[in-house]
Amino acid sequence: MIQKGSKLNGTLSGNNVIVLFCHYKHWKFSGMSNARVTQKVQLVGMDISAMETLAVMHDELTFRGKQLFHWVYKQQVDSINAMNTLPSSFRDLLANEYVLHPLALIKKTSSDFEPTQKFLLQLPSGEKIESVIMEEGKRVTLCVSTQVGCAVDCKFCATAKMGFIKNLTAGEIVDQYLLILNSINKRITNVVFMGMGEPFLNYQQVINAADLLNHKEGINLGAQRITISTVGIVPKIQQYTQEGHKYKLAVSLNSSSQDQRVKIMPISKTHSMDALIQSAWDYYHISKKMITLEYVLLADVNDDIADADRLLDLIGDLPCKLNLIPYNEIDGPFHRSSEEKIEQFVNRLQGANFMVTIRWSKGTEINGGCGQLAVLDQVSFN
């Protein structure tokens with residue numbers, strides 16, 4: 001336990017922050033600029049340990065950091081001045097040297113046909129990202145982005161057209177939840193890491209963000225209400241498995257053979273389908289949890305009966321759920337499978353040893369569906 005007035009030197013590690021300092025004016029947080037701080041430091045993204053350290057560094061008692069954590073993540077206030085259990089002098093200091101929210105909400109677009117909304121948010125560095133809220137009964141799901149753009153270059157995805165621009169910090173990921181929650185004024189029941197970017201190429205920040213969403217003294221979103229999706233970065237799936245994380249795991253499979261997958265998902269050149277399926281088996285054996293496999297149906301690419309047969313052989317007895325996703329079209333060469341083809345594909349999978357569902361994306365007319373997220377002033381379709 002760090003006490004008020006402690007002389008701190010060296011390195012102190014929290015879940016998502018490393019503080020290096022000899023004196024509190026010479027420090028940095030991971031994801032922030034180095035050396036002397038010349039701009040306000042973001043509060044959203046700090047874990048409880050970091051906030052306790054922050055309090056001590058400013059000559060406050062350790063428990064003030066825990067109070068700060070509660071205000072940011074549990075009470076979810078929109079200003080530092082609203083944190084009325086903190087001493088006014090501490091609030092003044094926080095207001096002068098720190099900023100609560102790293103993101104700014106720029107625009108909200110609502111569907112005319114269903115309760116789906118897309119949000120455009122801006123980073124402190126000026127880049128923009130998108131997030132989506134989808135409602136179905138009492139279930140309110142937030143789809144968050146983890147990167148600006150994406151590096152894996154899936155040929156059917158709008159985000160891939162942007163290329164990779166930068167990773168988001170844990171705070172920029174969590175702030176999507178906080179700002180959108182305040183905007184919709186409804187309880188968010190589920191969060192899926194399925195927006196812009198490849199989560200496992202920003203692995204530690206994504207895990208830190210999930211931990212903040214799940215923290216019992218903060219947002220307290222249940223672990224089974226958080227899903228992290230990946231295109232299949234095999235070493236990171238292995239790391240995720242070994243670390244024993246409790247969040248749901250989904251993998252974008254999208255093909256029934258290695259040759260086919262390489263053409264539409266070039267990442268398969270590095271991470272083969274055989275290695276991917278083996279990592280899914282390892283995940284099940286170690287975690288005792290089912291993995292979710294996502295399969296986007298592309299007309300005349302991966303949607304015929306032979307594909308369904310190969311898929312049955314590929315997945316075999318793997319305990320999993322297979323989500324079939326009719327393609328959401330963007331400008332490009334790919335198209336959604338016909339309803340007849342989709343029905344034939346589903347029928348062929350009847351009797352499989354795994355659960356099969358069809359997931360129709362919401363918000364497609366506002367380009368808020370799976371694979372449609374892209375910030376137009378940061379992308380050029382060719």
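In table form, for the structure just shown:
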quantity	calculated
Boolean, Ile267 is over 19 Å from Phe354 (Cα atoms) and surrounded by 15 or more Cβ atoms within 10 Å (Cβ to Cβ)	yes
Residue in region 330-348 that is under 30 Å from Leu212 (Cα atoms), hydroxyl-bearing (Ser, Thr, Tyr) and in contact with a strand residue (DSSP E or B) (Cβ under 6 Å, 6 or more places away or on another chain) present	no
Test result for Gly316, within 21 Å of Glu198 (Cβ to Cβ), surrounded by fewer than 15 Cβ atoms within 10 Å (Cβ to Cβ) and either over 23 Å from the mean Cα position of the chain (by Cα) or at pLDDT below 95 (or both)	no
The lone exception for Ser6 - which of (1) crowded, with 16+ Cβ neighbours inside 10 Å; (2) modelled with pLDDT under 50 it fails	(1)
Search result, residues across region 179-201 that are out of contact with any Asp or Glu (no Cβ under 7 Å at 6 or more places or on another chain), farther than 16 Å from Ala250 by Cβ and in a helix (DSSP H, G or I)	Leu179, Ile180, Leu181, Ser183, Ile184
Meets criteria (surrounded by 17 or more Cβ atoms within 10 Å (Cβ to Cβ) and in contact with a Pro (Cβ under 8 Å, 6 or more places away or on another chain)) for Met290	yes
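The values are calculated or read from the model by the stated rules, or taken from the named source; none is laboratory data. What you are looking at is a predicted structure, and each value in this text was computed from that prediction instead of being measured. So basically every Cβ, Gly included, is an ideal-geometry build from the backbone, and we count neighbours across all protein chains shown.
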